[in-house]
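**Student:** After the structure tokens below, expect a handful of questions from me.
The values are calculated or read from the model by the stated rules, or taken from the named source; none is laboratory data. Model, not experiment: these values are computed from the prediction. As a convention, Cβ positions derive from the backbone with ideal geometry for all residues, glycine included, and neighbour counts pool all protein chains shown.
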Amino acid sequence: MLDTAADFDVRKYLRLEMMPHFLCPGCGHGIALRALLWALDEIGIDKDRLAVVSGIGCAGRLSAYIDANTFHVTHGRPLAYATGLALARPDLHVVVISGDGDCLAIGGNHLIHACRRNLKLTCLMLNNEIYGMTGGQVSPTTSESMLTTTTPLGNSEPAFDACALAAAAGAGFVAREVTHHVPKLKELIREGLEHPGFAFIEVLTDCTEIFGRKNDLGTSPEMILRQKSEIRPSAYRDTVDTPFRSTDLRTGVLSRNERPEYGSAYRTAAAAAKASAGEALGK
Amino acid sequence: MNAVDSALARPVARLLSGNHACALGAVAAGCRFFAGYPITPSSEVAERLSRMLPLADGVFIQMEDEIASLAAVIGASMGGVKAMTATSGPGFSLKQENLGYAAGAEIPCVIVDVMRGGPSTGMPTRPAQGDIMQTRWGSHGDYPIIVLAPASVREIYDETIRAFNLAEAFRTPVVVLYDQAIAQLTETVDLPGADEVRRVERKWASGPRESYLPYAAGEDGIPPMSRPGSGYRTHTTGLTHAENGFPTQKPEVVERNQTRLLTKLQKHRAQIDSVETLGCEDADVLIVAIGIGARAARRAVALARERGVKAGLFRPITLWPFPENALREAAANARAVLVPEMNAGQLRLEVERILRATPVHGLNRYDGEPIAPAAIADRTEELARERR
């Protein structure tokens, strides 16, 4: 059963002194942020024990609005910073907010290894198909043929399927949702937050001002409705529904495994070594 | 007391390489997190710590690349844990981005850079001193940094401890810079007992959250840090920030905060500066050298004096900020200065900048071999005769 948003007061988790925020009118990132905060509230995660690490770009700026221990780090590196923080402080709940350029281009190496390592972290990748902050350049998830400031002839590179990548690299929990389905998105983030290992959640968001305008995609509601109509819920997995749905992107929980969580595996091995090997050290 | 602490508790003579001494020094200083990436000739630091840290209730992790290693170290330090990484020139180049972040966001951390031949992949197993300028100017923008340049295995142990203490005291990245020759040189060293090691702890925020400003500093210029979980819930960013930690572009606020950042080490030079001098009082020719080159120079001073040449040695142990005043004092009576170094002339630039009135000569070698004492003594003697 899905809860209604009415019970949740987002202001409890926001730094209200930071308002007004700097996102463009119509940007879908705020919807994703609200879903994250709603999920954190439902689980009851203490703000003092919450650490949010974000990279560079529009998504990277979101951490500043969250009333928690927030770290806005270098471009593409939030997963690497979060790895150090989570290993050094297993008592903290560490959430990473990244964008498609941050996570898949400059930070791609960190993503695949975070998935493989399976340290307990929740990574929210907000995919708006564009480098918005720098003025609208092509990103690894820009759809083919789309216009950007660096693909004036239309994008001829295929887009990354980030969830397929994360699943193949071994992430413990992989999910995707659109901003149209807020309660469902909140549920997926909640599942990710509660997963014992590395959780990767991709949110398809709309960049109306820069990507939408360049490609005549209409208003924010029109972009969001198009995303909703194009994606395929995972329940439709075996349904052949072309030409009605034009992308291969599925939503919902796309992969899940119960591989050992890295941090606890390390601490277990360390405890065993401590029990037996103390005096060998000085030699 | 954990197993590592008890193993380090008593004074003992050990046969150690420089890299192993670095690992022991780190643990003695309280390092409980290391992230690294394999690179010659520094890998023994990581290998040793991968065994020690789990037994000391710490964490070792080999990351996916050099960039991630320093990122993880800064992440651990933001969590309040003393943290270190180790690398060599090519890896140190990759770390510049996050080193700048640590300097700007004022996150304590220690970075060991074991120099090898360059540029690029260069000569991985040969000594060099080509990172002198990279350690000072490697990242973009203006920022303060401390670089320590030990010259022996024992000194690597001591300077690694001092690196942690300075990093924690002044909220800055500290680089421990030495070369392949000392890194993989094995010497017998007397290590102090754990209770003789002075450990400095970070200044933590106290008082009510409402009035806490994470980048507001008192007279000492060093703002107290907040530890995640202690209720302050602050924001840390690589963007230019105001006292409250949030980004700003207001010129007067930027100016005020940048000035504090850029001058914060100046207030503490008495604690930061460290030099070795030998025979400087009456020296006609002053030799300025660091690391393995300084060891050759120490011998060269004796050789030159046997030949009747008054030579002296000035060795900056703290390389950056460069101990200008101590150098001026050491060079007060010198008629010429010789800077032997294993690069094309980096340290010489700084010496020339400081000693404008004294001729400064280089003795450079960049073929992967250390400079021999006799070569330094010969050049010293030539300079002494020229200057008569």
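**Student:** Looking at the range A:89-100, I want the residues that are touching a residue at least 24 places away in the same chain (Cβ under 8 Å) and have a partner that is crowded, with 24+ Cβ neighbours inside 10 Å and acidic (D, E) with Cβ atoms under 8 Å, at least 6 apart or on another chain. Which pairs are those?
**Tutor:** A:D100/A:E129
**Student:** Could you tell me how many of the residues in the range B:169-199 are in a helix (DSSP H, G or I) and under 24 Å from B:F322 (Cβ atoms)?
**Tutor:** From the range B:169-199, those in a helix (DSSP H, G or I) are B:169-170, B:180-183, B:194-196; that's our starting set.
Next, only the ones that are under 24 Å from B:F322 (Cβ atoms) stay: B:169-170, B:180-183.
Qualifying residue count, the range B:169-199: 6.
**Student:** Taking B:P90, is it touching an Asp or Glu at 6+ places or on another chain (Cβ under 9 Å) and either among the charged types (D, E, K, R) or over 19 Å from B:I145 (Cα atoms) (or both)? If you could, list the steps in order and put the result at the bottom.
**Tutor:** Values: touching an Asp or Glu at 6+ places or on another chain (Cβ under 9 Å): yes; either among the charged types (D, E, K, R) or over 19 Å from B:I145 (Cα atoms) (or both): yes.
Yes.
**Student:** Next up: Just one of the numbered conditions (1) acidic (D, E); (2) more than 14 Å from chain B (Cβ to nearest Cβ); (3) surrounded by fewer than 18 Cβ atoms within 10 Å (Cβ to Cβ) is not true of A:E129; which one?
**Tutor:** A:E129 satisfies all of (1) acidic (D, E); (2) more than 14 Å from chain B (Cβ to nearest Cβ); (3) surrounded by fewer than 18 Cβ atoms within 10 Å (Cβ to Cβ) except (3).
**Student:** Same structure, new question: Kindly provide the set of residues from the range A:143-193 that are assigned to a loop (DSSP other than H, G, I, E, B), in contact with a Ser or Thr (Cβ under 6 Å, 6 or more places away or on another chain) and not small (G, A, S), ordered by number.
**Tutor:** Going residue by residue through the range A:143-193, those that are assigned to a loop (DSSP other than H, G, I, E, B) are A:143-147, A:149-150, A:152-161, A:169-172, A:179-181.
Subset that is in contact with a Ser or Thr (Cβ under 6 Å, 6 or more places away or on another chain): A:154-155, A:159-160, A:179.
Within the range A:143-193, A:N155, A:F160, A:T179 meet the criteria.
**Student:** Please work out which residue is nearest to the other protein chains (Cβ to nearest Cβ), limiting yourself to the range A:44-84 and to residues that are touching a helix residue (DSSP H, G or I) at 6+ places or on another chain (Cβ under 9 Å) and at positive phi.
**Tutor:** If we take residues in the range A:44-84 being touching a helix residue (DSSP H, G or I) at 6+ places or on another chain (Cβ under 9 Å) and at positive phi, then A:G76 is nearest to the other protein chains (Cβ to nearest Cβ).
**Student:** Follow-up question, since we're still on this one. Of everything in the range B:300-351, what is β-branched (V, I, T) and more than 23 Å from the chain's Cα centre (by Cα)? Give them in sequence order. Let's see the steps before the verdict.
**Tutor:** Our first condition is that a residue be β-branched (V, I, T); within the range B:300-351, this holds for B:301, B:309, B:317-318, B:337, B:339, B:351.
Those that are β-branched (V, I, T) and more than 23 Å from the chain's Cα centre (by Cα): B:V301, B:V309, B:V337.
**Student:** Still on this structure, I have one more. Does the range A:34-54 contain at least one residue that is of a type in the set (G, A, S) and touching a Gly at 6+ places or on another chain (Cβ under 6 Å)? Reasoning before the result, please.
**Tutor:** Taking the range A:34-54 as the starting set, the residues that turn out to be of a type in the set (G, A, S) are A:35, A:39, A:44, A:51, A:54.
If we keep only those that are touching a Gly at 6+ places or on another chain (Cβ under 6 Å) as well, we get A:54.
Yes; the residues of the range A:34-54 include at least one that is of a type in the set (G, A, S) and touching a Gly at 6+ places or on another chain (Cβ under 6 Å).
**Student:** Ok, one more. Go through the range A:261-283 and report how many residues are in a helix (DSSP H, G or I), surrounded by 15 or more Cβ atoms within 10 Å (Cβ to Cβ) and modelled with pLDDT under 85.
**Tutor:** 1
**Student:** To continue, here is another question. For the range B:245-296, how many residues meet the condition of being in a loop (DSSP other than H, G, I, E, B), over 16 Å from the mean Cα position of the chain (by Cα) and among the hydroxyl-bearing types (S, T, Y)? It would help to see each step written out before you state the result.
**Tutor:** Taking the range B:245-296 as the starting set, the residues that turn out to be in a loop (DSSP other than H, G, I, E, B) are B:245-246, B:248-250, B:264-265, B:273-274, B:279-284, B:289-290.
Okay, now just the ones that are also over 16 Å from the mean Cα position of the chain (by Cα), so B:245-246, B:248-250, B:264, B:279-284.
Next cut, among the hydroxyl-bearing types (S, T, Y) only: B:248.
Looking only at that region, the number is 1.
**Student:** Report whether or not A:T219 is of a type in the set (S, T, Y), modelled with pLDDT under 80 and within 18 Å of A:G28 (Cβ to Cβ).
**Tutor:** Values: of a type in the set (S, T, Y): yes; modelled with pLDDT under 80: no; within 18 Å of A:G28 (Cβ to Cβ): yes.
So A:T219 fails the test.
**Student:** Return the total of residues in the range B:356-388 being under 18 Å from B:G312 (Cα atoms), touching a strand residue (DSSP E or B) at 6+ places or on another chain (Cβ under 6 Å) and outside any helix (DSSP H, G or I).
**Tutor:** 8
**Student:** Okay, moving on. Sort out which residues of the range B:247-291 are farther than 24 Å from B:G345 by Cβ, β-branched (V, I, T) and surrounded by 13 or more Cβ atoms within 10 Å (Cβ to Cβ), and write them in order of number.
**Tutor:** Hits for the range B:247-291 are B:T248, B:V253, B:V254, B:I272.
**Student:** Next question. Can you go through A:T150, A:T208, A:T179 and tell me which one is surrounded by fewer than 17 Cβ atoms within 10 Å (Cβ to Cβ) and β-branched (V, I, T)? Break it down into steps so the answer makes sense when it comes.
**Tutor:** Numbers: A:T208 fails: surrounded by fewer than 17 Cβ atoms within 10 Å (Cβ to Cβ); A:T179 fails: surrounded by fewer than 17 Cβ atoms within 10 Å (Cβ to Cβ).
After ruling out the rest, the residue left standing is A:T150.
**Student:** Can you pull out every residue in the range B:133-163 that is out of contact with any strand residue (DSSP E or B) (no Cβ under 8 Å at 6 or more places or on another chain) and aromatic (F, W, Y)?
**Tutor:** B:W137, B:Y143
**Student:** Residues in the range B:204-225 that are assigned to a loop (DSSP other than H, G, I, E, B) and touching a strand residue (DSSP E or B) at 6+ places or on another chain (Cβ under 7 Å): how many?
**Tutor:** Going residue by residue through the range B:204-225, those that are assigned to a loop (DSSP other than H, G, I, E, B) are B:205-208, B:212-224.
Going one step further and asking which of them are touching a strand residue (DSSP E or B) at 6+ places or on another chain (Cβ under 7 Å), we end up with B:205, B:215, B:224.
Final tally of qualifying residues: 3.
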